[in-house]
Amino acid sequence: MTTPPTPDAALPPFSGDNPLCGKCSHVDAYTDYRAAGEYSSNERPRSAPSPKGERLERTCGRCGFIWDEALVPPGELIDSPLPDTAVTVAELAEALQESHAGWPLGLSPACAEAAAEQLLDRLRVYHRTGTPASPATTLTDQKATS
Ligand SMILES: [Zn+2]
């Protein structure tokens, strides 16, 4: 006799497109569907089916840590909020201006903000772990000292 599959209620809910790895705090993971009885990619298959039920297997994009999450209930949409490490338009605009310092033609704040908005419409950008956001005065301070 086999053990019945684990019900989905025992799994944490699906964490969406911006999951936070519990081992290395990286914000990104691959997702693979696993059918009931299918072994996870970090398990050695045996002769009997896995006792696990249907689930979504998440694999951290940085460290490879694997964890299971519940399926999304039918009809439910996942609205993934951006994590705290996501870069804002203002922060990206400031970084663009800072990276443009020293070039013959300056990058106006309005142009940097427009570029930042367009980039964030296409890309997900995050602060590197341990790298705090630059204070808003950094660019002004650099210009004042140069
Ligand atoms: Zn990780």
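Structure summary
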{"read-out": "Whole-percent carbon and sulfur share, accessible surface of segment 1-72, 1.4 Å", "value": "54 percent"}
{"read-out": "Two-decimal Rg to Rh for segment 1-72 - Kirkwood Rh, Cα set", "value": "0.99"}
{"read-out": "Whole-number accessible area per residue in Å² for segment 58-121, which is evaluated in the context of all protein chains at 1.4 Å", "value": "64 Å²"}
{"read-out": "Solvent exposure, largest accessible area first (probe 1.4 Å, DNA, RNA and ligands not counted), of 20, 105, 92", "value": "105, 20, 92"}
{"read-out": "Ranked order, 52, 23 - accessible area, probe 1.4 Å, largest first", "value": "23, 52"}
{"read-out": "Local electrostatic count, residue 120, Cβ distance below 14 Å [Lys/Arg +1, Asp/Glu -1]", "value": "-3"}
{"read-out": "Estimated distance in nm for a label pair at residue 78 and residue 98, the labels positioned 7 Å out from Cα along Cα-to-Cβ", "value": "3.2 nm"}
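The values are calculated or read from the model by the stated rules, or taken from the named source; none is laboratory data. Note that the structure is predicted; figures quoted are calculated from it, not measured. FYI the Cβ positions are ideal-geometry reconstructions off the backbone, even for glycines, and counts take in every protein chain you see. Accessible surface is based on the protein model in full, side chains and every heavy atom, while ligands, DNA and RNA are left aside. Shrake-Rupley method; radii C 1.70, N 1.55, O 1.52, S 1.80 Å.
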